[in-house]
Each structure stands twice: as C-alpha cells, then as structure tokens.
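Data first, discussion second: the structure below is written as structure tokens.
The values are calculated or read from the model by the stated rules, or taken from the named source; none is laboratory data. Worth saying up front: this structure is predicted, and the values here are computed from it rather than measured. Cβ coordinates were reconstructed from backbone atoms using ideal geometry, including for glycine residues, and neighbour counts include every protein chain displayed. Note: accessible area is taken over every heavy atom of the protein model, side chains too, but ligands, DNA and RNA are not part of it. Shrake-Rupley method; radii C 1.70, N 1.55, O 1.52, S 1.80 Å.
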Amino acid sequence: MAGTRGRCDASHGQLRLGTDVSGRAAKMGHRLTIAMERWQAVVSWSGTRPAAVALTVEVDSLQVLRGDGGLTPLTAPEKSLIRTNARNCLDAGRHGQIRFEAADIEATDHGYRLAGTLQIRGRTKPHVVEVRVTELGQPGGSWRLDADTVVRHSDFGVRRYSMLMGAMQVADEVRVSFTATVSDDEIRGA
C-alpha cells in the first residue's frame, strides 16, 4: 500500500462555514451557514498511515444555506447578494481556490492532527486541524471523518463585509466544519 492516494469530495459529505455578526448593531444581522459545494481531499498514504493531505475548495461553489437571527428572515434575493459579497471579499476572480495542505500528520486518540498551511486569497498561513475518525461497521468497511476549525478573515487579508458605517459587520472568526463518510477503498486508494 506504499505510495497510494485516496480521495473524497462533496459527494461523500459536506464542508460548511458559520459566520457571526459583530458591531454595535450586531442584533440586526444574520449568523450565516454557508455550504462549499465543490471540494476535494486527497490523502497520500505510506503503508497504513496517512502521509499527506491536500484539500482544495472552489470559492465560486459557496452557497448561503440560511441566516439565523436578524430583524427579519433572510430572503432568496438577500442570499444571492450575500453570495456575491462573499465572492468579492474573497476575490474569487483572482483567487478561485482555497487550499489546505498538511504533511505533518500525527495520530491522536480519536483520529489525526494535521499540521500544515492554509491558503486563502493568495496568503498562506500555518494551520492545524484535528480530524476525528470513526470506523463504521466492520474493519475495512466505511469511515466517518469529522473536523472543526476556526479561520480568521484578518489572517488572510479578507475584507469583512459591513453595513451601517461599520456598526454591523461579519465577525472576524469563521467556524469551518467538515464531515464525510467514505469507504476504506476510497480513502486509501485501494
């Protein structure tokens, strides 16, 4: 199994972003749940251990799923406007992909700790992700992968959308959650 590569993508699970609202008028804004609909993770193996992981996300695939809070419910035209604003803030025309690459992988009690780099909008920063791995059913069957991490707009020079002369704006921290169910053959490239 030395040198094999496994893959998973959006057909195996979901990659979601959660935003919050800050500023004096924060109660007026919506806390958003956004889906990234096109992504792919490639896992390189050395024997029975993962040796490297590369996750690529297509920025243009972002879709606003819902907005919680706010003074009024989030409408379809507002979701469309939010999508356009997010693409502009991420400069999707010039920087169409977000990438996370890790070659420093350490086994933990519940999965793996991936230490690598995250690239957003042309800026690269060190980033660590803890991935929980759960074997489903019998050995050699399927696996559930789960991860949660926080990314800050300010670390990558991403302008946070704001309204009311800055009294209401997207919070600096974005919660990122990942979940996928993959077969042993898919993830190990067998």
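Selection of region 78-100 for residues being in a helix (DSSP H, G or I) and of a type in the set (S, T, N, Q) yields SER80, THR84, ASN85, ASN88.
Restricting ALA35, ALA115, ALA52, ALA102 to those that are over 28 Å from VAL170 (Cβ atoms) and of a type in the set (A, V, I, L, M, F, W, C) reduces the list to ALA52. One residue alone among VAL53, VAL21 is touching a strand residue (DSSP E or B) at 6+ places or on another chain (Cβ under 9 Å), surrounded by 14 or more Cβ atoms within 10 Å (Cβ to Cβ), under 19 Å from LEU145 (Cα atoms) and of a type in the set (Val, Ile, Thr), and that residue is VAL53.
Quick grid of which residues meet (1) under 16 Å from MET36 (Cβ atoms); (2) touching a residue at least 60 places away in the same chain (Cβ under 8 Å); (3) out of contact with any Asp or Glu (no Cβ under 9 Å at 6 or more places or on another chain):
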position	(1), (2), (3)
ASP109	no, no, yes
GLY122	no, no, no
PRO126	no, no, yes
TRP143	no, no, no
ALA171	no, yes, no
THR181	no, yes, yes
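Scanning region 24-50 for residues that are open to solvent by 40 Å² or more (accessible area, probe 1.4 Å) and modelled with pLDDT under 85 yields ARG24, LYS27, MET28, THR48. Of all residues in region 75-113, those satisfying the criterion of being open to solvent by less than 30 Å² (accessible area, probe 1.4 Å) and farther than 21 Å from HIS153 by Cα are ILE105, GLY111. Is it fair to say GLU58 is touching a Leu at 6+ places or on another chain (Cβ under 9 Å) and surrounded by fewer than 17 Cβ atoms within 10 Å (Cβ to Cβ)? No. Of the set (1) out of contact with any helix residue (DSSP H, G or I) (no Cβ under 9 Å at 6 or more places or on another chain); (2) farther than 19 Å from ALA51 by Cβ; (3) at pLDDT below 95, all apply to ARG188 but (2).
Checked against (1) touching a residue at least 24 places away in the same chain (Cβ under 8 Å); (2) closer than 26 Å to ARG5 by Cα, GLY157 meets all criteria but (2). Look at region 78-105: where a residue is under 25 Å from VAL53 (Cα atoms) and touching a residue at least 12 places away in the same chain (Cβ under 8 Å) and a partner is open to solvent by less than 70 Å² (accessible area, probe 1.4 Å) and assigned to a helix (DSSP H, G or I), sitting 6+ places away or on another chain with Cβ atoms under 8 Å, you get LEU90/VAL59; ALA92/VAL59; ALA92/ASP60; HIS95/VAL59; GLY96/VAL59; GLY96/ASP60; GLN97/VAL59; ILE98/VAL59.
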